[in-house]
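Undergrad: Sharing a structure below in structure tokens format, with a few things to ask.
Computed from the coordinates by the stated procedures, all read-outs in this text should not be read as laboratory data. In this text, all values refer to a predicted model and were calculated from it rather than measured experimentally. Every residue, glycine among them, receives a Cβ derived from its backbone with ideal geometry; neighbour counts consider all protein chains shown.
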Amino acid sequence: MSLPVKLYLHYPAVAAVVTVQHEGRTNALACVWHTALSFDPPLYAVSISPKRFSYDLIRQAGAFAVNFLPQERADLIARFGRNSGHDLDKFATWEVETLPLEDALAPILAEAYAAYECKLYAQHTYGDHDLFVGEIVRLHQAEGAFGENRVLNIPQVKPALYLGANLYATLSDEPPVFRDGQR
């Protein structure tokens, strides 16, 4: 069986924006290949191609942040994904607002409903991407973004879900359905 060049069968996936800063240079890139790896220690991983501008910045900085933006900012996520930090300063070009944190390891986007600041824990190559594993050292969350049991408050926050091919969607306002079909 021949595989298609682009695999979208595992989507939708929550879109994230990975941010990094090192020696006065900042960048942000869209990322849907990311996942939690461990509770103790708290580890989170992002998969990034060595072709990306942020790749070397993360290696040099030894840190990154994973920002989760709502669906209404899918336009910004798409811009971060379609444009390279090699060609432009994304933060200046789009006047991206960050939280005023003096000791942040990486920029935290003001419009993020949640973000993880990560210190680089490990890096492994898998095929044409590297998995950057970060130890989460600080959490950020918007007020009201999470409700009971720290579950995302869907009526307030609509996460940006990437479908592939620069298409985004979000979840409905319907209450979650439990595995046994009850609400």
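Undergrad: For the residue pair Leu139 and His10, what label-to-label distance in nm results when each label sits 7 Å from Cα along the Cα-to-beta-carbon direction?
TA: About 2.5 nm, to one decimal.
Undergrad: State, in angstrom, two size descriptors of the stretch 45-128 derived from its alpha carbons: Rg to one decimal place and Dmax to the nearest whole number.
TA: Here Rg and the maximum Cα pair distance are 13.2, 37 Å.
Undergrad: In 10 Å bins starting at 0, how do the alpha-carbon pair distances of the stretch 13-169 split up by percent?
TA: All Cα pairs considered, the percentages come to 11, 43, 38, 8, 0.
Undergrad: Would you mind ranking Val17, Val32 by Cβ crowding within 10 Å, fewest neighbours first? Walk me through the numbers on the way to the answer.
TA: Working: Val17 26, Val32 20.
Ascending Cβ contact count within 10 Å gives the list Val32, Val17.
Undergrad: Oh, and also: Taking θ as phi - 60°, what are the ³J(HN,Hα) couplings along the stretch 156-169 by the Karplus curve (6.51, -1.76, 1.60), each to the nearest whole Hz, with x for Gly and Pro?
TA: Taking θ as phi minus 60°, the curve returns 8, 10, 9, x, 7, 9, 8, 9, x, 6, 6, 10, 10, 9 Hz for the stretch 156-169.
Undergrad: Check Thr98: other-chain or 5+ apart residues with amide H under 5 Å from its amide H, H built from backbone geometry?
TA: Residues meeting the criterion, in which the H sits 1.01 Å from N, are Ala110.
Undergrad: Setting aside same-chain residues fewer than 8 positions from Lys158, which aspartates and glutamates have a Cα under 15 Å from its Cα?
TA: Cross-link targets: Glu72, Asp75, Glu111, Glu143, Asp173, Glu174.
Undergrad: Once both labels are modelled 7 Å past Cα along the beta-carbon direction, what's the Glu111-Thr93 spacing in nm?
TA: Once both label points are built, they end up 1.5 nm from each other.
Undergrad: Rank these for me by crowding, Thr98, Thr93, Thr170, going from fewest to most other beta carbons within 10 Å.
TA: Ascending number of Cβ neighbours within 10 Å: Thr93, Thr170, Thr98.
Undergrad: Moving on to the next point. Between Leu37 and Arg79, what is the label-point separation in nm under the 7 Å Cα-to-beta-carbon projection?
TA: Taking the simple label geometry, Arg79 and Leu37 are separated by 3.2 nm.
Undergrad: What are the residues whose amide H is under 5 Å from the amide H of Ala142, where those residues sit 5 or more places off or on another chain and H is modelled from the backbone?
TA: Ala114
Undergrad: Please list, in order along the stretch 125-142, the HN-Hα scalar couplings obtained from phi with the Karplus expression 6.51 cos²θ - 1.76 cosθ + 1.60 (θ = phi - 60°), rounded to whole Hz, x for Gly and Pro.
TA: Computed from phi, the couplings for the stretch 125-142 are 8, 9, x, 8, 10, 10, 9, 8, 9, x, 8, 5, 10, 7, 10, 10, 8, 6 Hz.
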